[in-house]
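Working notes, beginning with the structure itself.
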Amino acid sequence: MLFNLEPKDRREDLYDFDRELRVLERALLMSKLVVVKGIKRTGKTSLMKTALNVTGLPYILGY
Ligand SMILES: Nc1ncnc2c1ncn2[C@@H]1O[C@H](COP(=O)(O)OP(=O)(O)OP(=O)(O)O)[C@@H](O)[C@H]1O
Ligand SMILES: [Mg+2]
């Protein structure tokens with residue numbers, strides 16, 4: 001579902017974020033606070049949701 005307007009949450013739907021996904025996965029496991037910042041509509045929420053799913057960490061999402 002590459003053209004779905006909602007944020008992606010599966011690795012196979014997330015395009016060209018392999019390095020960012022690895023960095024965020026590691027940060028989520030090692031840090032108490034992680035900030036993802038960037039220009040509007042560039043995939044921040046998609047990256048975050050996918051990383052949370054990949055790590056298997058429990059999470060609550062509000063936005
Ligand atoms: N790397 C990506 N692979 C696939 N789809 C993407 C990617 N980055 C962004 N998109 C798509 O672009 C749109 C915006 O993505 P997303 O909502 O994750 O960005 P955002 O940075 O959190 O946006 P906002 O600034 O509005 O919060 C969505 O349709 C999302 O599915
Ligand atoms: Mg967002």
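No lab work stands behind these numbers, since they all come straight from the coordinates. Predicted model only: the values in this text are computed from it and were never measured. Reconstructed Cβ throughout: ideal geometry from the backbone, glycine too, with neighbour counts over all protein chains shown.
Here are the numbers for the structure shown:
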read-out: Simple Cβ-charge dipole of the chain, Lys/Arg +1 and Asp/Glu -1, about Cα centre, in debye nearest 20; value: 280 debye
read-out: 222 nm mean residue ellipticity, helices alone, for the chain (DSSP H n ≥ 4; -39,500 (n - 2.57); rounded to 500); value: -12500 deg cm²/dmol
read-out: Label-reachable residues, region 1-29, where backbone N falls under 14 Å from a point 7 Å from Arg41's Cα toward its Cβ; value: 4-7
read-out: Signed unit charges on C-beta, dipole axis of region 11-55, positive-most listed residue Leu33, Ala51, Phe17; value: Leu33
read-out: Ascending count of other beta-carbon atoms within 10 Å, so fewest first, for Met30, Met48; value: Met30, Met48
read-out: Sorted by Cβ neighbour density within 10 Å, fewest at the top, the residues Tyr63, Tyr15; value: Tyr63, Tyr15
read-out: The chain: trypsin sites (Lys or Arg not before Pro) falling in loop per DSSP and having at most 15 other Cβ within 10 Å; value: Arg10, Lys32, Lys37, Lys40, Arg41
read-out: For Asp18, Asp9, order by how many other beta-carbon atoms lie within 10 Å, fewest first; value: Asp18, Asp9
